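Heads up, the thing below is written out as C-alpha cells.
The values are calculated or read from the model by the stated rules, or taken from the named source; none is laboratory data. Remember, predicted model here, so these are calculated numbers, not experimental data. Counting neighbours? That spans all protein chains shown, and the Cβs are built from the backbone with ideal geometry, glycine included.
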Amino acid sequence: MSGSMAGPVLEVDDLRVQLRTPRGTAHVVNGLSYTVGPGETVAVVGESGSGKSVSVLALLGLLPPRVATVTGRALLEGEDLLAMSPERLRQVRGPGAGMVFQDPMTSLNPVLTVGKQIVEGLRAHADVSKEAARRRAAELLAEVGLPDPEGALDRYPHELSGGMRQRVVIAIALSNSPSLLIADEATTALDVTVQAQIIDLVEKLQADHGTGVIWITHDLGVVAGIADRVLVMYGGRCVEDGTVDDVLERPAHPYTRGLLGSLPDLAAPVGPDGELPDLTTVPGLPPAPTDLPTGCVFWPRCPVRGDARCETEQPPLVVVPRGQKGHFGPELPHRAATWCGG
Ligand SMILES: Nc1ncnc2c1ncn2[C@@H]1O[C@H](COP(=O)(O)OP(=O)(O)O)[C@@H](O)[C@H]1O
Ligand SMILES: [Mg+2]
C-alpha cells in the first residue's frame with residue numbers, strides 16, 4: 001500500500017546541523033541524505049552522540065534557533081520541512097509527522113489530563129465532536145495496551161508510571177495517522193511484551209496508511225524485527241545504509257562490523273535463546289563534533305585502517321559491489337563510506 005503520493009514520504013538531502021557551544025561550533029550532522037518510502041521502516045543506529053536525535057529534531061524544527069544552524073532539504077510528501085514557516089510546521093506536526101521521544105514528559109503537558117491532551121490533538125486536525133474524540137481516545141489507549149483506558153483518560157501524566165506515559169505519547173502520535181512517524185528510542189524503557197504490542201500497532205498503521213517510519217534504536221533485535229532498511233550513523237554522517245539483510249548480514253563498513261560484533265576480536269554475546277544482543281561497544285571514543293578528524297571520520301578508532309587516504313580524504317558513500325550469492329528481489333542500494341573496502 002502506498003501513501004497519497006507516488007514518491008517517497010520523506011526525502012532528506014544533504015542535511016547539515018551546526019550547534020554553537022561554549023567549546024566552539026559543533027558539526028553534529030554533516031551531509032545526511034536518505035529517503036523513507038511509503039510504508040517503509042528505516043532504522044537509524046549508531047553510538048550515543050552520533051547525531052541521531054539532532055538529525056530528526058532538525059527535521060521537525062525542534063532545535064533552538066539561536067543555537068542551531070540547519071541547512072539542506074527535507075521533503076515531506078514533496079514539501080520542504082526546512083523551508084516551512086513555524087506556523088506551517090505546527091500544522092504539519094501531528095497529521096504529517098508524529099514523533100515519539102525516549103522521555104515521555106518532553107511531549108506531555110503536566111497540567112492537562114491524558115484524555116484532554118488526546119482529545120485536543122484529535123480535534124485540532126479533524127472535525128470530530130468531543131464525545132467521539134473521547135471514545136476514540138479510549139480506543140487508542142486500549143490499542144497501546146493501557147489497562148483501564150477509560151479511567152486513564154481522567155488521570156494526569158504524573159499519576160501514571162513511566163511506561164504508561166510513554167504509551168500515551170505513542171497513542172497521541174498514532175492518533176492522527178501521520179504519513180511519517182519518528183520514534184527516537186521510543187520503546188527502550190518498555191518491557192518486551194509491550195514493545196512487541198507497540199511494534200504491531202505501528203506495522204498496522206503502516207499497512208493501513210502507508211506511514212513511513214524512522215526508528216532510532218540501539219536494540220538489534222528491534223532492528224531485525226521491524227526495519228526494512230538500516231542507516232548507520234557515525235560522527236554525524238551516514239557511514240553505511242542498505243536493506244536490513246545487507247547491513248546486518250553483509251556489513252561493509254568497519255564501524256558497522258564493530259557495532260555488530262562481527263570484527264574478529266569483538267564477538268557479540270548471543271543470548272541463551274539465540275536472540276540478538278544490543279549493539280556491541282567499539283573500543284575507543286567517538287569524535288567530538290567540535291573536533292572531527294579529517295579523512296574518514298572513523299579512522300582514529302578503526303582496527304583495519306591501512307589505506308593512505310584514511311587519514312586525509314573523506315570517503316564518499318558509494319554502492320557496495322554485490323557478491324555472487326544471496327541477493328534476491330529488488331536490488332535496493334547498499335552503500336558504505338570507507339576506503340578499506342570492508
Ligand atoms: N543542545 C545542544 N547543544 C550542544 N550540543 C548538543 C546539543 N544537543 C546535542 N548536542 C551534541 O550533539 C551531538 C549529537 O547528539 P545526539 O543527536 O543527541 O546524539 P545521539 O542521539 O546519536 O545519541 C553530541 O555530541 C551532543 O553532545
Ligand atoms: Mg539520541
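When you go through (1) on the phi > 0 side of the Ramachandran plot; (2) outside any loop (DSSP other than H, G, I, E, B) one by one for residue 145, which number turns out not to apply?
(2)
Would you check if there is a residue in segment 12-30 being away from ligand 2 (no atom under 16 Å from the Cβ) and outside any strand (DSSP E or B)?
There is at least one residue in segment 12-30 that is away from ligand 2 (no atom under 16 Å from the Cβ) and outside any strand (DSSP E or B).
Quick test of your reading of the structure: residue 53 fulfils all but one of (1) modelled with pLDDT of 95 or more; (2) more than 16 Å from ligand 2 (Cβ to nearest atom); (3) among the polar types (S, T, N, Q). Name the failing condition by number.
Checking residue 53 against (1) modelled with pLDDT of 95 or more; (2) more than 16 Å from ligand 2 (Cβ to nearest atom); (3) among the polar types (S, T, N, Q), the one that fails is (2).
This table checks each residue for (1) touching a Ser or Thr at 6+ places or on another chain (Cβ under 6 Å); (2) among the hydroxyl-bearing types (Ser, Thr, Tyr); (3) surrounded by 14 or more Cβ atoms within 10 Å (Cβ to Cβ).
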{"residue": "121", "(1), (2), (3)": "yes, no, yes"}
{"residue": "124", "(1), (2), (3)": "no, no, no"}
{"residue": "128", "(1), (2), (3)": "no, no, yes"}
{"residue": "131", "(1), (2), (3)": "no, no, no"}
{"residue": "136", "(1), (2), (3)": "no, no, yes"}
{"residue": "140", "(1), (2), (3)": "yes, no, yes"}
{"residue": "146", "(1), (2), (3)": "no, no, yes"}
{"residue": "150", "(1), (2), (3)": "no, no, yes"}
{"residue": "155", "(1), (2), (3)": "no, no, yes"}
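Any residue in segment 133-141 that is outside any helix (DSSP H, G or I) and either away from ligand 2 (no atom under 16 Å from the Cβ) or not assigned by TED's automatic domain parsing to the domain that holds residue 188 (or both)? Let's see the steps before the verdict.
So the first thing to find is which residues in segment 133-141 are outside any helix (DSSP H, G or I), and the list is none.
There is no residue in segment 133-141 that is outside any helix (DSSP H, G or I) and either away from ligand 2 (no atom under 16 Å from the Cβ) or not assigned by TED's automatic domain parsing to the domain that holds residue 188 (or both).
Quick check on residue 8: is it assigned to a loop (DSSP other than H, G, I, E, B) and more than 10 Å from ligand 1 (Cβ to nearest atom)? Full working, then the answer.
On the way: assigned to a loop (DSSP other than H, G, I, E, B): yes; more than 10 Å from ligand 1 (Cβ to nearest atom): yes.
For residue 8, the condition - assigned to a loop (DSSP other than H, G, I, E, B) and more than 10 Å from ligand 1 (Cβ to nearest atom) - is met.
Conditions tested, residue by residue: (1) surrounded by 14 or more Cβ atoms within 10 Å (Cβ to Cβ); (2) of a type outside the set (Val, Ile, Thr).
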| site | (1), (2) |
| --- | --- |
| 19 | yes, yes |
| 22 | no, yes |
| 42 | yes, no |
| 53 | yes, yes |
| 66 | no, yes |
| 74 | yes, yes |
| 82 | yes, yes |
| 85 | no, yes |
| 103 | yes, yes |
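Pick from segment 188-221 the residues that are touching an Asp or Glu at 6+ places or on another chain (Cβ under 8 Å), within 16 Å of ligand 1 (Cβ to nearest atom) and β-branched (Val, Ile, Thr): which of them is nearest to residue 163 (Cα to Cα)?
Checking each candidate, the answer is 188.
Take residue 316 and tell me if it is at pLDDT 90 or above and either in a loop (DSSP other than H, G, I, E, B) or in contact with a Cys (Cβ under 7 Å, 6 or more places away or on another chain) (or both). Working first, answer last.
Details: at pLDDT 90 or above: yes; either in a loop (DSSP other than H, G, I, E, B) or in contact with a Cys (Cβ under 7 Å, 6 or more places away or on another chain) (or both): yes.
In short, yes.
Of the numbered conditions (1) of a type outside the set (D, E, K, R); (2) assigned to a loop (DSSP other than H, G, I, E, B); (3) within 15 Å of ligand 2 (Cβ to nearest atom), residue 39 fails exactly one; give the number of that condition.
Answer for residue 39: the failing condition is (3).
Report yes if some residue within segment 55-65 is touching a Lys or Arg at 6+ places or on another chain (Cβ under 7 Å), assigned to a loop (DSSP other than H, G, I, E, B) and on the phi < 0 side of the Ramachandran plot; otherwise report no.
Yes.
Quick check on this structure: which one of 284, 306 is modelled with pLDDT under 95, assigned to a loop (DSSP other than H, G, I, E, B) and over 26 Å from the mean Cα position of the chain (by Cα)? Don't jump to the end; show me each part of the working.
Values: 284 fails: over 26 Å from the mean Cα position of the chain (by Cα).
It is 306.
Do we find that residue 33 is under 18 Å from the mean Cα position of the chain (by Cα), near ligand 1 (Cβ under 10 Å from one of its atoms), more than 22 Å from residue 177 (Cβ to Cβ) and polar (S, T, N, Q) in this structure?
No.
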